[in-house]
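Take a look at the structure below.
The numbers here are math on the coordinates, done by the rules we state, and not lab data. Keep in mind that this is a model prediction, so the values were computed, not measured. All Cβ positions, even for glycine, are placed from backbone atoms using ideal geometry, and neighbour counts span all protein chains on display.
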């Protein structure tokens, strides 16, 4: 039956509606399932990202990450927080847990992350570029780690970012201008890094910014005017950089500003007169160590919240404002080292006004032109902790009740015109650590009450008119390190309690007084003292032999006394002694020959005594400009330049033939006995320890232990940059090198063969000069402050670290994706290979005697600012002639194994002598490692497979199976590739195909390099290529690569 047309239409409509409803229903179900899948997929991604993050943690001392396992949901893992709705990770907070390792790039997969806090840990390596994927991120805190490299530009993609804190790391490079796109940024903290360049003008675009700290970097240039546009800015700290120019006037108009710190730069100009009006909320004003000039603005009194005002070390003039007394919150007022003062009696009137500052703790107005009498009202500032007014023209008496300032820990009143006696009240202060009253006109006796200052560290009363005895009670100050009472009128004997104070470690100076009596034997308790000066007194008796127990002594001055007897032999045990003055006494006896063994002695004055006997010829006695022996009429011998008479026993005498025969016979027998016993003694001694300072280092300049201690910040862990074969390597800065950055290699003398390593390295490097060899600048062979032997070598600092760091960054563990931010391209690797080959070619073929390195490996190849390679660490190096001699005696080595496993030639493993071909083998392995990215000790090399055989088996046709994938993401192979490297082999093959098309010869260049590596690392020494041939061939390959690359570059507009 046919339906009417209208019915058919209705039926068709209903059918269509049913279909639409069904489709809609299915689509809805599918959509819901898809959402669930996406949610589950996102959760899985977060979980995997966290596990990958955990995998990069090398040390978890508190076991914090032990909870990160499948026994609980990852949202409940310690330090992890998730959103309730989608169960996605929104916060990762692991601050202060002492975690070490690298920050995994997988953190970039936590796409819902808003809060990332990894501060106060020990993370190393670079900040992953992948953080730029976190477009929801609002807070980044990576402060107080050991992160390296540059600040990733990709961080600028985190458009929601409000907090960016990367302080206290080792970051380098420039501050990315792209950070100026973070419109919501509120706080930017980059202080305590090694950042360079200028402050980006683009930071002026960050209208929400409230805090900027760029202090303690190496920034240069002017402060950008654009920062004056930041109307919400409260904190601006650029302390300790190298900034120049003036402070933009617009900055002084940011009324919200509370902290302004430009200290320790080279900024000039004056402070605006209305600063107190335009910056009414100012709390910290730090302009010290710059080139500011002008007067202190009167308007500062309006900045009523001011707590710290520091303009020290500038060129300010005029009066000190009495209105400082109106600043009730003031805690620090530092006006030191300027030109303040009007040379009137009112110069110090401001001190009286400060009694209203009940919070004032530090008051410094030293090194100015202030005159007048110090007001007694100073004692009303009861909160004072430190008062420094040295080097002015302040006169009158020291306020009698100054000791009532119970919180004092430092008082500096030296180099003024103070007169009268020392206040007894000073002994009331139990917290005083520093007391400087030297170079005044003080008189009377030293109060015994000073012995009550139990925390006293420095006591300096020199160059006054003090008289009477030295109070024995000072010996109660058991924390004293520095005592200087020189140039007074002190009498009596030296108290045993003081000269036996074992805490003294810096200086004991009692010179230029009228002290009498013998030197107490207790002087031997000063085992840590650096300087003892008791010259210019009336001391008598013998020099106590206990002086030899002062093992850290560097300067000993006893001249101009009435000392008698012989020079004690124990002085020769003071191995760190640099200056010895015993002149103008009544010393007798022979001049100890042992003094010539004091290797660090630079000044010796024994003049005007009654010494007799022969003068030694070596050591300091061979340096006429460093010694004085005049006034000792019974001395003889010595070097001809001294023009002393010949010693009686040295003159020729006529003897009978019988006497001559007997003498000859006895001498021969004695000689044989002596040689026999000497040989036995030498053999034993040589096994025990080498000479303290070998003569082979004489041509190198020398540096003291103290200088190296200062240069490296006390060998602090912050300056530790590596570890060599026989010791640790520190970064330092030497004043004597014009603040030159250096690397200090400190030998671990407890390690077997370390001393031989020191001798070997000195011996090799003293005459070597080549652009691809490290340059030794100086050395130290001394004792430390504990009396232990100390040896160190100082080299040029290599800013780009070692080849090891570039081939295998610790933060990446070989993952090509994350390594791409710090990698070497093909041309760089080729040039480094040429540099190393050139160095070895020089050592093997161009030196008078061939030199064998014996321990060539990537960590011993250092890269300077220009990425030029320098071969270093010659601790195992040998002269070829030495290896031949040892071979002829049947010895295998005098310095143990010759190299490092993986890089050591196979013949060394069976005891063969070191040869130049052993270095060639090491170079071949390094060359293969550079281009494959695989270590010779990689876990894949088992069951007879080695790096050498692995590469050799793939040449020439399957080169794509061995090359380091990162070579094709490092920017110089010509083809843009996917950085994920999930299909690394396919990408390499695609890149090589492109190279075949574009360059023709580039693939041949790569194959040729690998063939050189295979040849150099051949199993048998006789099959290995010579380094001169390897150098020549690598240069030819480089030229071919450049020729093959240039047409491609030209087509791309390069």
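Table for the structure above
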read-out: Sites residue 465 and residue 505 - FRET efficiency at Förster radius 35 Å, r taken between beta-carbons, to 0.05; value: 0.75
read-out: Space enclosed by the convex hull of the alpha-carbon atoms of region 267-397, per residue, Å³; value: 87
read-out: Label-point gap, in nm, between residue 958 and residue 847 - each point 7 angstrom along Cα→Cβ; value: 4.1
read-out: Cβ-based exposure ranking for 364, 853, 808, 86, in which fewest neighbours within 10 Å come first; value: 86, 808, 364, 853
read-out: √(5λ) per eigenvalue of the Cα gyration tensor, region 170-223, largest first, Å; value: 18, 12, 10
read-out: Residue 602-residue 454 FRET efficiency (beta carbon distance; Förster radius 35 Å; 0.05 resolution); value: 0.40
read-out: For region 399-491, Kirkwood radius (reciprocal of mean inverse C-alpha pair distance, Å); value: 12.9
read-out: Overall dimensions of region 588-641 as given by Cα atoms, namely Rg and Dmax in Å; value: 10.1, 27
read-out: Backbone N under 19 Å from the residue 1035 label point (7 Å along Cα→Cβ), restricted to region 831-860; value: 831-847
read-out: Residue-span extension gain [residue 383 to residue 70] - 0.36 nm each, minus C-alpha spacing; value: 106.9 nm
read-out: Added length on full extension, which subtracts the Cα-Cα distance from 0.36 nm per residue, residue 95 to residue 775; value: 240.7 nm
read-out: Label-point gap, in nm, between residue 231 and residue 623 - each point 7 angstrom along Cα→Cβ; value: 6.8
read-out: Part-to-part distance (alpha-carbon centres) for region 185-213 and region 390-418, which is given in Å; value: 43
read-out: Sorted by Cβ neighbour density within 10 Å, fewest at the top, the residues 838, 425; value: 425, 838
read-out: Gap separating the Cα centres of region 571-587 and region 103-172, nearest whole Å; value: 59
read-out: Percent RCO, i.e. relative contact order, over region 36-237, from Cα pairs under 8 Å lying at least 6 residues apart; value: 12
read-out: Within region 455-475: backbone nitrogen closer than 15 Å to the residue 538 label point (7 Å, Cα to C-beta); value: 467-470
read-out: Extension gain, residue 1020 back to residue 588 (0.36 nm per residue minus Cα-Cα distance, nm); value: 148.6 nm
read-out: Pairwise centroid distance, computed over Cα atoms, of region 265-289 with region 529-551, Å; value: 53
read-out: Cβ-based exposure ranking for 929, 1003, in which fewest neighbours within 10 Å come first; value: 1003, 929
read-out: Mean shadow area of region 79-155 over all directions, Cα convex hull, nm²; value: 4.7
read-out: Projected label distance in nm at residue 785 and residue 646, using a 7 Å step from Cα toward the beta-carbon; value: 5.2
read-out: Förster radius 25 Å - calculated FRET efficiency between residue 407 and residue 352 (Cβ-Cβ, nearest 0.05); value: 0.80
